[in-house]
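Report on the structure given below.
The values are calculated or read from the model by the stated rules, or taken from the named source; none is laboratory data. Source: prediction; values computed, not measured. Note that each Cβ is placed from the backbone with ideal geometry, even for glycine, and that neighbours are counted across all protein chains shown. In case anyone asks, the SASA skips ligands and DNA or RNA and just uses the protein heavy atoms, side chains included. Shrake-Rupley method; radii C 1.70, N 1.55, O 1.52, S 1.80 Å.
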Amino acid sequence: MMDMEFRMAKSSDKNHVLEFCKNTFSWGDYISDVWDHWILEGNLLVLTENGLPVAMSHCSINHKQLWIEGIRVDKNFRRKGFAKRLIKESESIAKNNNCKISQMLIATNNQKSLNLVDSLSYKKDEIWDFYSIIPKKINHKTNVKFATKNKTMIDFILSLTSSYVRSWRWLRLTITDINFLINEKKILYSEHNGIINALGILTESKHFKNTLMFTLVFGNDLGIKEIFFYLQNHASQKNIERIQILTKVKNLPEIKTLENKLSFYLMKKEIY
């Protein structure tokens with residue numbers, strides 16, 4: 001008889017969990033990169049059989065919004081509703097923290113996961129594209145500037161986006177966040193003839209080593225090229241290995257080494 005239990009993960013669960021996570025995707029999995037961070041953050045859930053983990057997920061809370069990530073189930077225990085149970089348990093954590101919204105990211109070609117969350121009343125809120133570009137010294141003078149703290153700029157940013165990406169989490173963007181990002185010189189824009197023609201938010205991943213993440217908020221071809229050339233130079237100078245770009249902007253300009261990797265649905269549910 002199986003003895004199934006939900007509990008928070010322990011450091012000693014790591015090797016057992018990584019064993020059933022290692023072949024999740026064609027290239028492997030990222031759980032080994034984030035496990036230690038998630039343990040420290042808390043809300044790393046495991047579902048155990050006779051004390052050993054057979055499924056896991058992580059959730060975090062930001063501005064009363066729940067973010068669910070890293071849902072994994074041992075292949076020997078699939079089709080038993082464990083992923084659904086993990087999501088519901090995460091939602092219970094959210095309700096206890098007075099959250100109103102739950103979100104997660106699912107690849108547009110992952111129909112099984114889309115069917116699962118559809119059965120739990122999640123809706124497709126937005127489509128985001130993931131690009132990569134290789135760090136490289138570019139001999140090109142760019143007209144990229146850092147945003148400054150003034151009401152016009154803050155209102156302009158909020159008129160364009162309500163979220164940004166950090167460590168593969170879509171975070172709500174508030175005035176407080178914008179002020180912090182401006183102070184840290186993380187909001188970049190390109191300007192031509194006094195008009196902003198591209199803007200985005202730069203973050204360095206807390207969970208993935210040597211990885212720079214950039215949320216491209218909007219832009220035309222000229223402005224996007226200017227910012228991407230800046231990012232390549234910046235990453236090269238900092239010895240950063242990877243540049244990952246997330247955006248809702250369609251039809252990006254052709255740039256050498258810019259590669260469209262994958263598309264995702266940002267899934268959303270109101271929780272009560």
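With bins 5 Å wide beginning at 0, the percent of Cα pairs of the range 73-133 falling in each bin runs 4, 14, 23, 23, 18, 12, 6, 2, 0. Viscosity 0.692 mPa s, temperature 37 °C: Stokes-Einstein D of the range 94-238 from its Kirkwood Cα radius, in µm² per second? It diffuses with D of about 193 µm²/s by this estimate.
Give me the percent of accessible area attributable to carbon and sulfur for the chain, probe 1.4 angstrom. Don't skip to the answer; put the middle values down first.
On the way: 6800 of 14350 Å².
The nonpolar share, carbon plus sulfur, comes to 47 percent.
Normalised by 2.2 N^0.38 Å, where N counts its residues, the alpha-carbon radius of gyration of the chain equals 1.08. Summary value for the chain: 22 percent relative contact order, contacts being C-alpha pairs under 8 angstrom separated by 6+ residues.
So, counting K/R as plus one and D/E as minus one, what does the shell of residues with Cβ under 13 Å around W35 add up to? Could you put the intermediate results ahead of the total?
On the way: positive: K10, K14, K22, R72; negative: D13, E19, D29, D33, D36, E41, E69.
Local net charge: -3.
The phi-based Karplus calculation (6.51 cos²θ - 1.76 cosθ + 1.60; θ = phi - 60°) puts the 3J(HN,Hα) values of the range 109-120 at 9, 9, 5, 4, 5, 5, 5, 4, 6, 4, 5, 9 Hz, whole numbers, x for Gly and Pro. Below 19 Å, Cα to Cα, which lysines can K145 reach? Residues fewer than 8 away in the same chain don't count. Partners within reach: K137, K185, K186, K225, K238.
Rolling a 1.4 Å probe over the protein heavy atoms gives the chain an accessible area of 53 Å² per residue.
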